[in-house]
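Below is one structure, written out as C-alpha cells, with a few remarks after it.
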Amino acid sequence: MRPAAEAPPPARVPDIGYEPTSYAVAEAMLKLARVGASDVVYDLGSGDGRIVTLAAQVYGARGVGVELQRYLVEQSRQAAREKGVADRVRFIEGDLFKADISRATVVALYLWPSVNRALEAKLRRELRPGTRIVSHSFDFGDWVPQETVRTGDGTKVFLWTVPKRPRRQPDVAFAATPQRVVYQMLELAKVTAGDVVFDLGSGDGRIPIIAAQRYGARAVGIELDPALVETSRQVARDNEVDRRVVFREADFFSADLSSASVVTLYLSAAVNARLERKLRRQLPAGARIVSREFPIGDWAPEKTVRADDGTTLLLWTVPPQR
C-alpha cells in the first residue's frame with residue numbers, strides 16, 4: 001500500500017480534510033439508521049472505509065464508499081480484505097457530487113455544513129423514498145431531521161428519511177412568508193382562540209403553527225409536497241402545538257374547507273382565480289380570507305394593507321349564501 005505522502009493528487013481539491021469517524025460514532029450512525037442485511041449503505045466521502053466495512057461486518061449489509069483520494073480508497077479496499085467483507089463492499093475513487101447513489105437505502109455523511117447543503121438537492125432528487133440519511137455532527141439547515149441522538153463523547157448524529165415525492169407538480173414553488181408578515185396576516189384576519197385557520201399551500205407550516213402559538217387557534221395546513229408536510233409536523237412537535245395543528249398531504253383544490261373560519265393564501269393570481277368558486281361555495285358565511293400579494297379573481301377585497309416587507313395583504317369576508 002502506498003504511503004499517503006507518495007499518493008498522487010486527487011482529481012480536484014477535496015471538499016474537506018480527512019478526519020476519521022470514531023468507531024463508537026460509526027456504530028451509533030448505523031444503529032440510528034436501523035441498518036440491516038438487506039440494506040445498501042453508501043458513505044459519501046468514505047475516508048478509510050470504516051463505516052461501510054462496519055456495516056458489512058456487523059449488520060451483513062452491502063456497501064459502497066465514494067472517496068476522492070486514491071490512497072484512502074486503497075486503504076479501504078485493503079481493510080475490507082483483511083476483515084473478510086471484500087465481497088460485500090466496494091470503494092469508488094470519485095467525486096461524491098457526481099456519484100450514482102440511486103441504489104442506496106442508507107447514506108452516511110461526515111462532511112461540512114456547506115457541503116451538506118450543496119448535496120441536499122442531489123439527495124432529494126436521486127434517492128428513493130424511504131432511504132435513510134445519517135450525518136455525523138452536521139445537519140442540512142432547513143431540512144429538519146426526524147431524529148437526533150448524542151453519543152457518549154457528545155457527538156450529535158442526525159437522521160432523515162427521504163419522503164415520497166408530490167403526486168403532481170405543485171401549483172407554485174414554496175417561498176416562505178417572513179414571520180412578521182405572518183403576524184400581520186393573522187392580525188388582519190382578527191384570529192382568535194375560537195378560530196380554525198386553514199393555510200392552503202402551507203409550505204413549512206409557519207402560518208398554522210404561529211396561529212396556534214400566538215393566538216391559541218386550531219389550524220390546518222394543506223400541502224402537496226410530502227417533504228414539507230413532514231417538516232411542518234416535526235416543527236409542530238418541537239414547538240408543542242401538534243395537538244392543535246394538523247398538516248395534511250393533500251391537493252387544496254380537492255380539500256374540504258368547510259370547517260375553516262380563516263383561510264390564508266400565498267399562491268399566485270392564476271391559482272387564486274381558480275380557487276375563487278371553491279372558497280365562495282365551501283366556506284361558511286363570515287369566514288375571513290387573507291391573501292399575500294395576489295387578488296382572488298374579480299372578487300373585490302374589503303381591505304388592503306401594506307405589510308412590513310412592502311408586499312400587499314388583502315382581506316375578504318365570505319358573504320351569506322344567496
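Residue pairs whose Cβ atoms lie under 8 Å apart, sitting 6 or more positions apart in sequence or on different chains, and linking a residue in region 254-271 that is under 19 Å from Ala176 (Cα atoms) to a partner that is polar (S, T, N, Q), are Thr264/Ser291; Leu265/Asn272; Leu265/Ser291; Tyr266/Thr177; Tyr266/Ser291; Leu267/Ser291. Candidates in region 31-69 are the residues that are of a type in the set (Lys, Arg) and without any contact (Cβ under 8 Å) to a residue 40 or more places away in the chain; of these, the one that is surrounded by the fewest Cβ atoms within 10 Å (Cβ to Cβ) is Lys31. Quick check, is Asp199 modelled with pLDDT under 95 and either surrounded by fewer than 17 Cβ atoms within 10 Å (Cβ to Cβ) or not assigned by TED's automatic domain parsing to the domain that holds Thr131 (or both)? Spelling it out, it is not the case that Asp199 is modelled with pLDDT under 95 and either surrounded by fewer than 17 Cβ atoms within 10 Å (Cβ to Cβ) or not assigned by TED's automatic domain parsing to the domain that holds Thr131 (or both). With the requirement that a residue be touching a residue at least 24 places away in the same chain (Cβ under 8 Å) and loosely packed, with under 14 Cβ neighbours inside 10 Å, what does region 150-163 give you? Within region 150-163, Gly152, Asp153 meet the criteria.
Would you call Ser137 free of Cβ contacts under 8 Å to residues at least 60 places away in the same chain and in the same structural domain as Asp43 (by TED's automatic domain parsing)? Criteria met by Ser137. One residue stands out in region 294-310 among those that are at pLDDT 95 or above and of a type in the set (D, E, K, R): the one that is nearest to Gln184 (Cα to Cα), namely Arg306.
Checking each residue in region 90-112 for being under 23 Å from Thr161 (Cα atoms) and either part of a strand (DSSP E or B) or among the hydrophobic types (A, V, I, L, M, F, W, C) (or both) picks out Leu96, Phe97, Ala99, Ile101, Ala104, Val106, Val107, Ala108, Leu109, Leu111, Trp112. Here Ala79 fulfils each of the conditions (1) out of contact with any strand residue (DSSP E or B) (no Cβ under 7 Å at 6 or more places or on another chain); (2) part of a strand (DSSP E or B) apart from (2).
The values are calculated or read from the model by the stated rules, or taken from the named source; none is laboratory data. None of these values were measured; they are calculated from a predicted model. When we count neighbours, we look across all protein chains shown, and the Cβ atoms used for this are built from the backbone with ideal geometry, even at glycine.
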